[in-house]
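**Student:** Mind having a look at this structure? Questions to follow.
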Amino acid sequence: MSMYSKKVMEHFLNPRNMGVIEDADGIGTAGNPVCGDTMTIYIKVKNGRIVDIKFQTFGCAAAIATSSMITELAKGKTLEEAEKITRDDVADALDGLPPIKMHCSNLAADALRAAIEDYRKKRGEK
């Protein structure tokens, strides 16, 4: 029996929105030095909404699944809505994560926030 939910395995084996956006409006990277997981999220923004989002993740099944899920959760949302996505939202959307893997969902939320921050910096916003 896997310690991961069916949904985690589904997103790990068939990740959504994996890849790079070459001309991304914002790029955010988050890493965990303890486990070595690193994820980068790329966003395209139009009229204040995330119209495209992709990720590249180097890490465990949970890191890949949370990256995939956060792109699903954030796509189509305004930047304000996307910034409010929490680690719990990501874990809940995946039907839970084992406690020792919860740090992976933090990375996904952190990388998304970093991408939004990068977008705002490039536009001269605070």
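**Student:** Counting other beta carbons within 10 Å of each residue's own, what order do 97, 79 fall into, fewest first?
**Tutor:** In order of increasing Cβ crowding within 10 Å: 79, 97.
**Student:** Further question on the same structure: Mind listing the long-range amide H neighbours of residue 77? Cut-off is under 5 Å, sequence gap 5 or more, other chains count too, H placed in the peptide plane at 1.01 Å from N.
**Tutor:** 50
**Student:** A further question follows. Note the listed values (1) 38; (2) 43; (3) 31, then indicate which one is percent of Cα pairs over 21 Å apart calculated from this particular structure.
**Tutor:** (3)
**Student:** To continue, here is another question. How would you order 41-54, 15-28 from highest to lowest mean count of nearby Cβ atoms within 10 Å?
**Tutor:** 41-54, 15-28
**Student:** Could I ask something else about it? Tally Lys and Arg at +1 and Asp and Glu at -1 over the other residues with C-beta under 14 Å from the C-beta of residue 105: what net charge comes out?
**Tutor:** -3
Rule-based calculations on the coordinates, nothing more; no lab input. This one's a predicted model, so the numbers in the text were calculated from it and none came from an experiment. All Cβ positions, even for glycine, are placed from backbone atoms using ideal geometry, and neighbour counts span all protein chains on display.
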